[in-house]
Structures are given as structure tokens and as C-alpha cells.
Amino acid sequence: MLEGDMMVTDSINDFFDSMLCLPDLRLVKSGLKTTNGQDDYLLFVNAGGGSIHAKDCQINFKGDSFFEGGEIIQTSEIIVDGGDYSFLYQSARYGNFCYKFSDLSCGEVLLDLHFAEIVYTNGPKEMRVFDVFVQDEKILSDFDVYAIVGANKPLQLLDVRVFVPDNGVVVVSFEGRSGTPMVSGISLRKAPKLPVISQPIICNNCASVQEISSIQNRGQNAKFLAKYEKKIQELTAQCKAMSDECHEAWMSQKTTNDQLEELKMEFNNKLFQTENLELTVELQMVKLRNVTQMYEHSQKKWITAMVGLDEKVKVMKQEHLQLCLEAHDWADAAPDFNKMIIAVQTLVVQCNDLKSKYAEEMTKRKNLFNLLQEIKGNIRVFCRCRPLNRREISSGYATVVDFEAAKDGELGLFTGGPTKKIFKFDRVYTMNDDQSDVYADASPLVISVLDGYNVCIFAYGQTGTGKTFTMEGTEQERGVNYRTLEELFKIAGGRKEMCDYNISVSVLEVYNEQIRDLLAISPSSKKLEIKQALEGFHHVPGIVEAKVENIEEVWNVLKVGRNARAVGSTSLNEFSSRSHCMLCIMVRAMNLVTGESTQSKLWLVDLAGSERLTKTDAQGDRLKEAQNINRSLSALGDVISALASKSSHVPYRNSKLTHLLQDSLGGDAKALMFVQISASENDLSETLSSLNFASRVRGINLGPSRKQVDTSELMKLKMTIDKLRQECKTKDVSSRKLEDSIQSLESKVRAKEHMCRTLQEKNKELEAQVESKRELQFSSERQNMQLSEKVKELEHKLKEQEHSENLQQKIKELDSKVKEHEFSELITQQKVQDLSMKLRESHQFECLLEQKVKDLEEKLRKEELKSACMERIANSAEKKFLSKDESNGEIDPRVLRSSNSINQPMEVPISILLKAEKTLQNAKIERKSEDVEGNMAVGEKKVLISCETNRKRKIDQTKTLGRLSRTSKAAATQRFPKVGTTKSNSRQQEQRKIIR
Ligand code: ADP
Ligand code: MG
């Protein structure tokens, strides 16, 4: 093998170095070259290829044999820098295989391996990584040919010293780490004998350089080695101490860091707790403030309430005292009171007697009055004549009416003949009689209405004769309607104590035989019809009945009816009513004494004009109106005639007018007719017609013509009437007196009862007040209790507040503790920095030690060189030395000592070295294992794994050294320190990395 080849063993970097497991292996990055027969090949196998033996070829290549397992691969690619036998690299065995050589002679051989990547020509690295073992000893670890030389390039591993055991078998096995192993050629060479290195020794006595044998040289070296080993041991011990210190520092730093972390955690927890506490404290503070405010507010309120209550209690106590006194007084006055009650009771009994008597008298009076009215006639006719108006006077019309016997109820009418025609009525008013005179005779009917009789007052006559004037009148001269109602309310008011009256008013109009409600707000399309509800009671369903309480309301109602009345214009009168205006006053009476209730009606009718049709120029609608009016008036006459003749059939239903007045005409009902006439000669015929109608009415009912025949009877009747009148008057007086006395008694009784009631009520009120005061007292006591409870609660809350203040104090203390912790943390950091400083110093010291070791190695080499020189000198001077002094006795012991030392050849120094190395390694491994236990980071773990692999290699290396020591002890001893130191240095560097 040529040394000129590019050697990579010396200049190999850490990468390649890590692949080689033995120290003296060589990697050559070129192909096999001819060595002029220097190399004595025992065997050369062309792996994956056939046997080649050319004439000019000095090497006899055997075809692929001795293998077990695997496949063949070959390439035609040119092997770059393939040397003299590039074909060797064009074939290879790959896969799971090994080579087993047998029948080799016992001793040492050199093994060479040839590789070339011919499969993965484009890489990448680590596609094929494998280990190679020789005799179960790893010589190549994680071997990657492509990574070293690339594809299609040769790579030789040379000088693998192999000891062939007695069985002559050498096994080379390949184990893939990633991908399959591959080999191109394997050769076995004879191993040259190792040269014996001798050292020159300077004699201690003569200082001359003495030649000693290699054995002696070895002894000398052993001494030096022992020295160095000692030193190394010391240094190792120092290093160990340092590393221990470092470890301790690191551990303390770790523990400090842990403590720091714990403290941080604790600090964070405390901070969190503090924040929570602050929050709760704030919330509590807010609540407390609110509670305090509420408490203050309620306190003020309760104080004011208490003050008020105290005052009230005082006042109530005073009142209570007064009431007690009054109660005593009342209790004292109780007998008088009882007497009074008895008196009152007797009075009440008397009063009731008087009431019953009064009621009896009232009924008697009523009957008598009714009798009187009946005597007067149920239908009475009063004649009223309108004076000549301006127009008539200016026209020069003469008066055709004579009032000479008006007081006797006689009216004379000049009909153009020589004698005047006499008409007799119940009353004849002259033209000078005013409205009050007219009403004076009509007013007794009002009493009849209030007594429960139906009454009908109507005005009949030609248009413009004063019907409306008599019935309604003007605002200055009120008519019968207004005055009747006025009287009605007056009497009803007077009888208030005895009777309860309910008065309502309806205003109707009969126009063209149709009933119209003049009080209706909107005219309804529904036709109003007359219905008979009860026996003898007719009414118009749906008609407005305006309830009236006083005369003002009545006047308003009348105005509404008047405005709504249909008014037509004729040639006779500017305002001539063409309809019957009917005012119906409903009186519902309730006798408070007897409990009797009555319902009566008062009809006040302003009839339409009774003038004949021929007198008007009415046509069309006006004609129809006139016809209807005349028809209804003649129906009225017919009804009255039927009543007079006591006919079984009274034709009420011939007209709406008579139908409406049905229950007020005939029977117990009382009727009054004002026959209105004109004094003018121009209206003579109509006047005559009206007077005839009226006479017919009056004559039929009273039958005076028949009575007038027997004057004695009439006189008797008049006498009885006078008597009855007198009786009535006396009865009235007595009844009034009785009423007065009853009223006074009743008022007295009422006053007494009222007093009694008020006193009882006062008593009750006082009792209730006393009760309420007691309750108030109870409630105030309860409130006091509640307030005291609230005060207790607030005190409790105040205590809580104090507790929260204590908590705040604790928080402060914790803060100070945290600060102390921070301070201690700073101190520890400082310590760590100091320790790191010390560590650096120790590193520096280590470097110094390394330097010293190197120096010592340098010295050792020098010594070796010297010993070599000395050996040469010794060889040359051996003959002289022997001849000069053969009996030199001092050498023997030295030789003997050397031989003695030979008897223990290299074992001691090697064992010491190994022990030192092992102790160092063990210490470091222990620490690393401790480190691993200490939750190391992943990166740190990786570093540790690499350390572990290194450690394995180192262990393997020691094994190899151990084995090699049997074959090449000297070489091993020479190389070991160097390797050991370099390895230990690298390990120390790694150890530093981990610590960092
Ligand atoms: P009628 O209703 O019958 O058509 P009125 O009542 O309208 O008649 O009267 C017509 C006119 O005669 C009115 O101006 C009225 O003032 C007047 N008049 C009627 N009677 C009298 C009387 N007794 N005294 C004075 N004037 C009267
Ligand atoms: Mg009129």
C-alpha cells in the first residue's frame, strides 16, 4: 500500500472518526494500487464478482466466496479514481450477509475492505449506513460510503489487525443501520511484526547514555507512565472534584431554580389570592357602604318616626285620659240616657199613631177632594177670549162677545141677530183676566195629579185665539204649563217627608196623524206607536222621558220641544200651528208612610187650530194637514160624546190624539178644556163653532141642563159642597197641625237618635283609637327590636370589615414576603453567577491541565525519541560496554528489576489508566443519569444519547484495547493515552454543553 495515497485517518474530522472504532485503522479515498509485491496477500475476494488472474496482475482475485447470505450487484459505470483494479469496485455483495474465512493459520493478519456506492449514485447521504464487525468486534460504526466519497468512487479500509484463533476462522459480518450493507472486496494480508521501540537510558552514576533492551526500555516507559498516570490520576481527581463541584453548583442552581419556580408559583397564587381578596374587599366595602348608608338613612327615619311616635303616644295618652273621663261621664249619664230612650220610644209610638191617623185623614181628604172634583165635573170647560189685536182694531172690526154674566159662567155672543146667544161654561174669563187668574182655577187639578189621578188640560180654538198663549205663555206671562209644573214641584217639595215623587216630562207632537217625539235628539225613522202596558195605562215605547228635578229643567225641556215643533204658515196667521202639541208629565209617587205607590199622568195639550177648511186657501200638504186636524178634533168630540152617553164603546182609536189621551179621558181622570175664542166680528163663525163644540163637551159631562131643572137638588148639592168644603178646610187645618206636631216630634226623635248614634260612634272610635294606639305601641316595640337586630348586624358587618382590614394587613405581609423572596431570588441568581464564574475558572483550570497533559505528552515523545537515540547509541556501544565491564554488578539488579517489571508487563499502568478512565466515565454517567431524572429538555436528551453512544464506543474501545493488548501491547500503550485524553476532552466538552 502506498503512503502517497490521500490519507484521511490523521486529518479525519469528527465525522469520520466517529465511524472508525479502532485507533489504527486507515480510510483511503482511492482505489487499490499495485505495490510491487510488498503486500503479501493471503486472500483477496472480489465480492459480487468473479475470479481474475491476469499475467501482469500481481494479485490473485478470487471469485466471490466465503460469504453467507446477501445478493450480488454489479455496475458498468466507470469508477472514478478506481486505482489499478477499478473492476474490483464495479461489483459488490449487498443485503444481509457475512464472510467466514477458515483454515487460516493462527496469528495476526491484516484485513482490508473495499467499498464503492454503485447503487445510490445520486445519494443522498444516510441511504446506506451499516456497522462492520470482525470476530464480533465492531470496527466500523454507522459507516456511510456515500457520505465520505460519494457514488462510483472507491473507499478502502486498511490495516484492520485481526487475531486468527486456533480454529483458523475469521468472521467479517455486516449489519445494516439504515439500508443494506454493501462490500466490493475483502482481502487478508500477513501482518508485519511490530517494531520493538527501545529508549536510551542515561546512567545515574556516570551520566553516560546506556543502551538497554526493549524490555528495559519498556520498564523505563512504565516508570514515566506511572508518573504520568499519577499526575493524570491527580488531574482526574481534580477534574472529578471540579465536576462534582460543578454538579453540586448545577444541582444547587437547579434546586434554586425549582425553589424559584415554586416561589414564583406561590407568588402568582398569592397574587391571585391577593387580587381576589382585593376584589372581595372592594365588594365588601361597597356593600358595607351601602349598608352603612341604608343604616344611617333608616336610623334617621326611625329616629324621626320614634320621636313622632313618642309625641303621638303622648297625645294619645292625653286623648285616652280625656276619653276615659268622657266615658265615665257617659257611664254616669247612662240612667238619664235610658230614660231619654224610653221617652223617645214613647214618642215614636205616639208618632206612629199620629202617622196612621194622618194617613187616614189624608185618604179621607183625598176622597173628599176627589168627590169635590167629581162634583165639579170630570170634564170642565173654561172659556177664554182673546182681545182684538192691533190689526183688527185698525181694520175697525167690532167685538161680538159680551161678558156681562161672565162671573156666572155665561158668555154672550152677538151673532148678528137682535138677541145675543148665551153660552154657559164652568168659567168665563174676560179679556182683562190675566194668566194667573186663568191658572187659579186650574191649579186644584195639580193636587189631583199628585194624589194619583190622571189629568188632561187642553186648549181648543181657532188659530190665533190664544191657545199657545194660554198653555205656554211668554217668559213674562207664564202659561198653564209652566205654572202647573211649578205648583207640582212646590207641592211635591212640601210633601217630601211623606211622599217621594219622581217626575219626568215628554213632549210630543201629533202631526198628520203621526206621533213625533220633540225631545228626541235625532229624528228616528221608526214610527212611534201607542201601546197599552197595564190596565188603563197607555204609553209610547221609545219616547224620551226627561227626568226633571226642578222648574228650570222643565223650562229648558219646554223650550227644546217648542223649537222642535212643526210650524206651518197659512194665510190666516203668520205662525199657525198645524199640529197638536202635547206635553205629558209622568208622576210616580211613593207614599213613605203607607208604602203605597201611584203613577199618574198630566197631559197639557195645545191643540191645532180648529178653523174650518173653507176659510183657508190651503191646498196639497196644507189641505192634508187641515183635514187631519179637523178629523182628530172631531174624534175628540166623538170620544167625549161617547163618554157622556156612557156608551159601551168609546172610539179612542179614531185618532192619535184621542188614543194618546185615552187613559186621561173618562173614568177617574179629570179633564179641563180651555175654549179659546176671538172677540172680532171677523172670526164670528169660527167663534160660534168653537163655542158650540165647547158647549157640547161641557153639557154632556155635567148634564147641568138636566140638573138645572131641579133647583132644590142643586141647592142641596151646593149645601153639601159647602159643608164638605168647610170640613175639608178644618180637616186640612187639623191635618197640618198634626203634621207639624209629628214633624217636630220626628225631628226631636231624630236629634236624639242622632245624638245617641254619634255618642256610640264616638265611643267606638275611641275604642278603635285605643286599639290602634296599642297596636302602634306594639309595632313600635317590634320596630325597636328590628332596629336593635339591624344594629347588631351592622356591628357584625363592622367586625367583618375589621377582618377584611386584617386580611389587607396579611396581604401586605405577603407582599413583603414576596419581595423578600424576590430579594433571595436575586441573591441566588448572584450565587449562580458566582458559581458560573467558578465553573468558568474551573474550565480554565481544566484547559490548563489539558495543556499540561499535552506538554507532558510532548515530553514523553521527546523522551521516546531520546530513548530511540539511546538505543542506537547503546547498540553501537554494546560491544564496548561488554568488553569494558563484564562484571558490573549494578546492572543485574536493574535488569532484574526490569525483568520483574516485565513479569507484570503493562498491566498496572493500563489497569490504572483504565480505572481512571472508568472512574471518570462512571462519575459522569452517574451525573448524566441524575440529569436525565431531573426532567431534562428534549435537546439535552439528544445530547445525552450522543454521549451514551460515545460512551459505548469508548467502552468498545477499551475492550478492543484489552484484546489488542494481547497482540500489540506496546502499540496500544503508546496510542491509548493520546486517544484517552482526546476522548475525555471531547466528553468534557459535551459535559459542559449539557451543563450550559
Ligand atoms: P193660537 O195658538 O191659538 O193660534 P196664539 O196663542 O198664538 O193663538 O195667539 C195669537 C196672538 O194673540 C198672540 O200674539 C197672543 O199674544 C195674542 N193673544 C192671545 N190671547 C191673548 C190674551 N188673552 N191677551 C192678550 N193677547 C192675547
Ligand atoms: Mg198656537
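Among what's in segment 565-606 and is of a type in the set (Ser, Thr, Tyr) and at pLDDT 75 or above, pick the residue that is surrounded by the fewest Cβ atoms within 10 Å (Cβ to Cβ). I'd like the intermediate steps shown before the answer.
Applying the first criterion (of a type in the set (Ser, Thr, Tyr)) to segment 565-606 yields 569-571, 576-577, 579, 594, 597-598, 600.
Subset that is at pLDDT 75 or above: 579, 594, 597-598, 600.
Working: 579: 25, 594: 15, 597: 13, 598: 16, 600: 22.
Only one residue fits best here, namely 597.
Residue-wise test of (1) open to solvent by less than 60 Å² (accessible area, probe 1.4 Å); (2) closer than 22 Å to residue 686 by Cβ; (3) within 16 Å of ligand 1 (Cβ to nearest atom); (4) in contact with an Asp or Glu (Cβ under 7 Å, 6 or more places away or on another chain).
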position	(1), (2), (3), (4)
349	no, no, no, no
359	yes, no, no, no
386	yes, yes, yes, no
395	no, yes, yes, no
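Being out of contact with any strand residue (DSSP E or B) (no Cβ under 8 Å at 6 or more places or on another chain), surrounded by fewer than 21 Cβ atoms within 10 Å (Cβ to Cβ) and of a type in the set (Gly, Ala, Ser) is a property that does not hold for residue 150.
Hey, among the residues in segment 24-72 that are among the β-branched types (Val, Ile, Thr) and outside any loop (DSSP other than H, G, I, E, B), which one's modelled with the lowest pLDDT? Among those residues, the one meeting the criterion is 52.
Only one of the numbered conditions (1) open to solvent by 10 Å² or more (accessible area, probe 1.4 Å); (2) farther than 18 Å from residue 45 by Cβ is violated by residue 143, and that is (1). Comparison of 831, 862 shows that the only residue that is farther than 28 Å from residue 227 by Cα and either open to solvent by 100 Å² or more (accessible area, probe 1.4 Å) or not basic (Lys, Arg) (or both) is 831. Quick one: in segment 434-459, which of the residues that are within 16 Å of ligand 1 (Cβ to nearest atom) and open to solvent by less than 40 Å² (accessible area, probe 1.4 Å) is nearest to residue 667 (Cα to Cα)? Among those that are within 16 Å of ligand 1 (Cβ to nearest atom) and open to solvent by less than 40 Å² (accessible area, probe 1.4 Å), it is 457.
Within segment 754-770, the only residue that satisfies the criterion of being under 53 Å from the mean Cα position of the chain (by Cα) and open to solvent by 90 Å² or more (accessible area, probe 1.4 Å) is 765.
One residue stands out among those in segment 498-510 that are away from ligand 1 (no atom under 16 Å from the Cβ) and either of a type in the set (D, E, K, R) or open to solvent by 30 Å² or more (accessible area, probe 1.4 Å) (or both): the one that is farthest from residue 563 (Cα to Cα), which is 498. Exactly one residue out of 816, 901, 887 is among the small types (Gly, Ala, Ser), in a helix (DSSP H, G or I) and either surrounded by 12 or more Cβ atoms within 10 Å (Cβ to Cβ) or modelled with pLDDT under 85 (or both): that is 901.
When the helices (runs of 4 or more DSSP H) confined to segment 401-507 are screened for residues that are within 16 Å of ligand 2 (Cβ to nearest atom) and over 21 Å from residue 557 (Cα atoms), those reaching at least 1 such residues are found at 435-442. Filtered by the rule that a residue be assigned to a strand (DSSP E or B), over 19 Å from residue 82 (Cα atoms) and not charged (D, E, K, R), segment 144-165 gives 160, 162, 163, 164. Checked against (1) of a type outside the set (A, V, I, L, M, F, W, C); (2) surrounded by 14 or more Cβ atoms within 10 Å (Cβ to Cβ); (3) out of contact with any helix residue (DSSP H, G or I) (no Cβ under 8 Å at 6 or more places or on another chain), residue 805 passes all but a single condition, namely (2).
Say whether the condition of being within 29 Å of residue 768 (Cα to Cα), within 60 Å of the chain's Cα centre (by Cα) and among the aliphatic types (A, V, I, L, M) is met by at least one residue in segment 322-336. Break it down into steps so the answer makes sense when it comes.
Initially, segment 322-336 is screened for residues within 29 Å of residue 768 (Cα to Cα), giving 322-336.
Within this subset, residues satisfying the condition of being within 60 Å of the chain's Cα centre (by Cα) are 323.
Keeping just the survivors that are among the aliphatic types (A, V, I, L, M) gives 323.
Yes; the residues of segment 322-336 include at least one that is within 29 Å of residue 768 (Cα to Cα), within 60 Å of the chain's Cα centre (by Cα) and among the aliphatic types (A, V, I, L, M).
Scanning segment 460-497 for residues that are without any contact (Cβ under 8 Å) to a residue 12 or more places away in the chain and either within 16 Å of ligand 1 (Cβ to nearest atom) or farther than 22 Å from residue 372 by Cβ (or both) gives 474, 475, 476, 493, 496. Selection within segment 542-564: residues that are charged (D, E, K, R) and touching a strand residue (DSSP E or B) at 6+ places or on another chain (Cβ under 6 Å). The member of this set that is surrounded by the fewest Cβ atoms within 10 Å (Cβ to Cβ) is 547.
The values are calculated or read from the model by the stated rules, or taken from the named source; none is laboratory data. Not measured: the values here are computed from a predicted model. A quick note on method: Cβ atoms are made from the backbone with ideal geometry, for glycine too, and the neighbour counts reach across all protein chains shown. Surface accessibility is based on the protein's heavy atoms, side chains included, excluding ligands, DNA and RNA. Shrake-Rupley method; radii C 1.70, N 1.55, O 1.52, S 1.80 Å.
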